[in-house]
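The structure appears right after this line, and notes come after that.
The values are calculated or read from the model by the stated rules, or taken from the named source; none is laboratory data. Computed from a predicted structure; not experimentally measured. Cβ: placed from backbone, ideal geometry, glycine included. Neighbour counts: every protein chain shown.
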C-alpha cells in the first residue's frame with residue numbers, strides 16, 4: 001500500500017491498517033496461503049448460509065413433494081435424464097431439491113456451531129480466569145469438575161448427556177456446550193496463570209484496582225490469542241460433532257435440512273444401490289466447511305507460535 | 001525411570017475423577033425423563049406390578065441410599081440387567097461381549113494411524129516446504145475434516161458394492177464361519193473376543209483372513225483421523241529435534257544425513273507423539289461409535305447408541321462408564337510412558 005498523501009483515505013482508518021500490518025500475527029496469517037484459503041471457504045459458506053436463510057422458506061424445504069411432477073431420488077441434472085436438469089444435486093426420497101436443502105444446511109451448521117463455540121468459549125473463559133485468579137478452592141472445584149468432563153471421550157460424553165436430556169438439535173447443542181467448555185477452561189487457565197505472573201498485574205493491584213477490573217482489563221485481553229485459535233479449531237469440530245449426533249438420530253429430526261440428518265437419510269434411502277448423491281452433497285459441504293475452519297485455525301496457530309515463525313525464517 | 005512418587009500422585013489424582021465420573025453416570029438414570037420401572041414393566045402393567053419392580057430395583061429408597069449402593073455396585077461393575085436391548089442379560093455380560101469388538105477395531109485403526117502417520121510426518125519434516133510437505137499437510141488437514149459417517153458409506157459403495165474388494169459390513173463371513181448362535185465355529189465360548197486372535201488360536205486361516213478383510217475398511221476409515229494428527233505432530237516434533245545441537249554434532253562428525261535422522265532425530269521426535277497417540281485414543285473410541293454404526297459392527301459403540309434410543313438405562317450406564325474407564329486408563333498409561341521417556345516431565 002502506498003503511503004503518499006491520499007486525501008480519500010481517512011487518517012484514522014489508515015492508522016488502523018498500519019497497525020494491523022505491523023502486527024506480526026496478522027502479517028504472518030495473511031501471508032499463509034492455506035489460512036487464506038480457509039478464510040475464503042468460510043466466507044463463501046457464510047454467504048451461502050445467509051442467502052439460503054433469506055431466500056428459502058423452511059416449510060417449502062421440509063414439505064414432502066412426492067406425487068408431484070418432480071421424480072424422487074433423481075440424480076443430479078448434469079448426469080441424469082434431461083428432465084431433471086434443474087437440480088444440481090438431484091432430489092431426495094421425498095423429491096426435494098438437495099441443492100437448496102444443503103444450502104440451508106449451511107445456515108443450520110453455522111448457526112448452531114456459533115452457539116456451541118460462543119457459549120462454551122464464554123463459559124470456559126470465565127471459569128478458566130476465575131480458577132487461575134482465585135486459586136485454591138475455586139481452582140480445585142472448577143478444574144476437578146473439568147477433569148471429570150474431560151475423562152470422557154468427547155462424543156461419548158455428548159451421547160451420555162443426550163441420554164439425560166433427550167433428543168433434538170437444541171438439546172444436542174447444550175450437550176456439546178458441556179463437552180467443549182472444559183477445553184476452553186483449561187487453555188484459558190494456563191494462559192491466565194502465565195499472565196498473572198507478570199509484575200504489572202501486581203502493580204495494578206497495588207494501585208487499588210478491583211478484582212473485576214484486573215480480570216477484565218488486564219488478564220482477559222492477554223488470553224485472547226490462544227482463545228481465538230482454540231475457538232476456530234473447535235468450530236470445525238463442533239460442526240462435525242453436531243452432524244454426528246444428527247446422523248446417529250439424536251440431533252435434528254423429521255425433515256430438517258441438517259447435513260448430518262440428510263446424510264443418514266441418504267444412506268438409508270439407497271446409497272448402497274448406487275444413489276450416492278443424496279448423502280454425497282450434504283457431506284461434501286460439511287467436510288468443506290470443517291476444512292475451512294481447520295485451515296484457518298492451523299494457520300493461526302502457526303502465526304501465534306513464535307517457534308514456528310522462527311522455523312520459517 | 002518412573003518414580004514411585006510420580007506414579008502414586010498420578011493414581012491419587014484419579015480418585016476424584018473416577019468419583020465424579022461415577023456420579024455423572026448415576027445421574028443419567030435419575031435425571032433422565034421417564035420411570036425406569038415403567039420402562040421395564042411396560043405401559044399396560046398394573047400399579048402393583050409397577051410398585052413391585054420399583055421395590056426390587058430399590059427405586060423407593062432415599063436418593064443417598066441409592067447413590068451409595070450405585071457406587072459400591074459400580075466398583076464391582078454390577079449394573080443389573082439390561083431392560084430392553086438384551087432383556088434379562090446382565091449388563092456386565094453384554095459389555096464383556098461387545099467391548100473386545102470395539103477394542104479390536106480401535107487397535108487396528110491405531111495401527112493404520114501409526115503405520116501411515118509416522119512415515120508421512122518424517123518425510124514431511126525432512127522435505128520441509130517442498131511440494132511433498134505441502135501435499136502431506138493439506139492431506140492431513142483434509143483427513144481430520146472428513147467425517148467418518150460420510151467417508152465410510154461412500155467407501156462402502158465404491159470399494160465394496162462397485163469394486164467388490166471388501167465386504168460391506170460385519171466382522172467375518174458370517175455364514176461360513178459362524179454357527180446359528182453367531183459363535184465362531186469350533187468354539188464353545190468366545191476365547192478372547194478379538195475375532196482375528198480367536199481365529200488364529202483355532203488355527204482356521206480362512207476364517208482369520210475373512211476377519212481381517214472385514215476389519216480393513218472400517219479400521220482404515222477410523223485410522224485416517226489418527227494418521228492426520230500423528231503425521232502433523234511427528235512433523236513438528238521432528239522439525240524441532242533436527243535443529244538441536246546434537247544433530248549438528250552428529251552431522252559434523254561425518255555421519256550421513258539418513259542415519260542421523262533415523263538414529264538420533266526419529267527416536268527423540270517420537271516422544272511427543274506418544275501423547276498424541278493417547279489423546280487420539282479418545283476420539284478413536286468416539287469414532288468407533290460412528291464406524292460401528294456405519295459398518296454394522298456389533299461393538300460397544302453400537303450397543304450404546306441402541307441403548308440410548310431404547311432408554312435402556314443400565315446398559316447406557318455400563319457402556320458409558322466402560323468408555324470413561326478405558327479412556328482414563330489409557331491416559332494414565334500415556335502419562336507414565338511419557339515420564340519414562342522424558343524424566344523431566346515429573347517436575
Revision key, fill the gap. Among helices (runs of 4 or more DSSP H) entirely within the range B:193-307, at least 3 residues that are more than 14 Å from chain A (Cβ to nearest Cβ) and touching a strand residue (DSSP E or B) at 6+ places or on another chain (Cβ under 6 Å) occur in none
Check your understanding: Listed residues B:337, B:319; which is under 30 Å from residue B:11 (Cα atoms), at pLDDT 85 or above, out of contact with any strand residue (DSSP E or B) (no Cβ under 9 Å at 6 or more places or on another chain) and assigned to a helix (DSSP H, G or I)?
Key -> B:319
Review point. Under 7 Å by Cβ, and 6 or more places apart or on different chains, what pairs join a residue from the range A:295-313 that is under 16 Å from residue B:240 (Cα atoms) with one that is at pLDDT below 55?
Key: A:302/A:308
Review point. Before we move on, is residue A:279 away from chain B (no Cβ under 11 Å), over 30 Å from residue A:126 (Cβ atoms) and modelled with pLDDT under 90?
Key: no
Point to revise | Selection from the range A:154-182 of residues that are surrounded by fewer than 24 Cβ atoms within 10 Å (Cβ to Cβ), more than 22 Å from residue A:262 (Cα to Cα) and at pLDDT 90 or above | key: A:177, A:178
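To keep it simple, each residue is scored yes or no on (1) within 12 Å of chain B (Cβ to nearest Cβ); (2) more than 24 Å from the chain's Cα centre (by Cα).
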site	(1), (2)
A:151	yes, no
A:155	yes, no
A:160	yes, no
A:167	yes, no
A:181	no, no
A:201	no, yes
A:217	no, yes
A:226	no, no
Check your understanding: Which of the residues spanning the range B:9-41 are in contact with a helix residue (DSSP H, G or I) (Cβ under 6 Å, 6 or more places away or on another chain), closer than 14 Å to residue B:317 by Cα and either without any contact (Cβ under 8 Å) to a residue 24 or more places away in the chain or more than 8 Å from every other protein chain (Cβ to nearest Cβ) (or both)?
Key -> B:20, B:22, B:26, B:29, B:31, B:36
Point to revise | Among the residues listed as A:244, A:252, the single one being under 22 Å from residue B:305 (Cβ atoms), within 24 Å of the chain's Cα centre (by Cα) and at pLDDT 90 or above | key: A:244
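Could you tell me which of the residues A:72, A:97 is more than 28 Å from the chain's Cα centre (by Cα) and free of Cβ contacts under 8 Å to residues at least 60 places away in the same chain? Before the answer, list the steps.
Values: A:97 fails: more than 28 Å from the chain's Cα centre (by Cα).
Of the residues listed, the single one that is more than 28 Å from the chain's Cα centre (by Cα) and free of Cβ contacts under 8 Å to residues at least 60 places away in the same chain is A:72.
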Practice item. Determine whether the range A:156-163 contains at least one residue that is over 16 Å from residue B:327 (Cβ atoms) and assigned to a loop (DSSP other than H, G, I, E, B). Key: no
Point to revise | residue B:44 vs. criteria surrounded by 13 or more Cβ atoms within 10 Å (Cβ to Cβ) and away from chain A (no Cβ under 14 Å) | key: no
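Quick one: in the range A:79-117, of everything that is farther than 23 Å from residue A:45 by Cα and in a loop (DSSP other than H, G, I, E, B), which residue is modelled with the lowest pLDDT? Reasoning before the result, please.
Start the filter on the range A:79-117 by keeping residues that are farther than 23 Å from residue A:45 by Cα, which leaves A:79-85, A:93-95.
Of the ones still in play, those that are also in a loop (DSSP other than H, G, I, E, B) are A:79-81, A:85, A:93-95.
Working: A:79: 72, A:80: 59, A:81: 61, A:85: 56, A:93: 76, A:94: 76, A:95: 74.
Of everything passing the filter in the range A:79-117, A:85 is modelled with the lowest pLDDT.
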